[in-house]
1. Would you order Ser93, Ser70, Ser30 from fewest to most other beta-carbon atoms within 10 Å of each residue's own beta-carbon?
2. Along the principal axes of its C-alpha atoms, what lengths does the range 1-104 span, in descending order and rounded to whole Å?
3. For the range 43-52, just list the computed ³J(HN,Hα) in residue order, Karplus coefficients 6.51, -1.76 and 1.60, θ = phi - 60°, integers in Hz, with x standing in for Gly and Pro.
4. Order these by the 10 Å Cβ neighbour count, fewest first: Leu85, Leu118.
5. Need the C-alpha centroid separation for the range 1-16 versus the range 23-49, integer Å.
6. List, in order, the whole-Hz ³J(HN,Hα) value for each residue of the range 61-70 obtained from phi through the Karplus relation with A = 6.51, B = -1.76, C = 1.60 and θ = phi - 60°; use x for Gly and Pro.
7. Label-point separation (nm) for Asp21 and Met102, each offset 7 Å from Cα along Cα-to-Cβ?
8. Using 7 Å Cα-to-Cβ label points, what is the Glu83/Gln14 separation (nm, one decimal)?
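Derivation of every value follows stated rules applied to the coordinates shown; laboratory data play no part. These figures come from a predicted structure and were not determined experimentally. In this analysis, Cβ positions are derived from the backbone assuming ideal geometry, glycine residues included, and neighbour counts consider all displayed protein chains.
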Amino acid sequence: MDEAALQSALSNPQNLGEMPDADAVGTVGSPDCGDMVRMWLKYKEKDGRRVIDKASFQSFGCQTAIAVASLATELIRGKTREEALEMSASELSAPLGPLPPMKIHCGQMVEGALKAALEAEAGQVSSATPAVAPVPVGPTLADALNASGKTAGRIRIVLEPPTGQ
Ligand code: FES
């Protein structure tokens, strides 16, 4: 993994925070470590195509998950739902280089949150990423976390307002 790219992504994470006017939201938790990611999507019409206008995320997760989520929210801008669905965890984390074996599930969790949001918008239940478990959407990620029986004491909490506010 490219540590410099990781630190760069962490020093200025993009699109961190809730998106109140989102068209779709997806949340997943990792059974491996108890971390969670929630992703919001907003679409727009461009040149006759419906594309992702912007995406944001919250993470109760490790630094790798935060870095991948930050990169992913930038990479999927301008893509259609179908194009975004085709993106794998390794594509979403490509700027970080290959993830070490213990960190592969971090990228998969971000991919799972993205797919959950993409499929939630279509009224479907995500089953695309067996490495992660979809979590019922609650009012906040903390609510979802509490509902899942995890305690906030053993995980990292990242809650910040959306970029630009
Ligand atoms: Fe579990 Fe990174 S998401 S260690």
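1. So the ranking, lowest neighbour count to highest, is Ser30, Ser70, Ser93.
2. Here the spans come out as 41, 24, 24 Å, largest first.
3. After applying 6.51 cos²θ - 1.76 cosθ + 1.60, I find 9, 8, 8, 9, 6, x, 10, 8, 10, 6 Hz.
4. Ascending number of Cβ neighbours within 10 Å: Leu85, Leu118.
5. Going from one Cα centre to the other spans 19 Å.
6. x, 6, 4, 5, 4, 5, 5, 5, 4, 4
7. Label at Asp21, label at Met102, 4.3 nm between them.
8. 1.4
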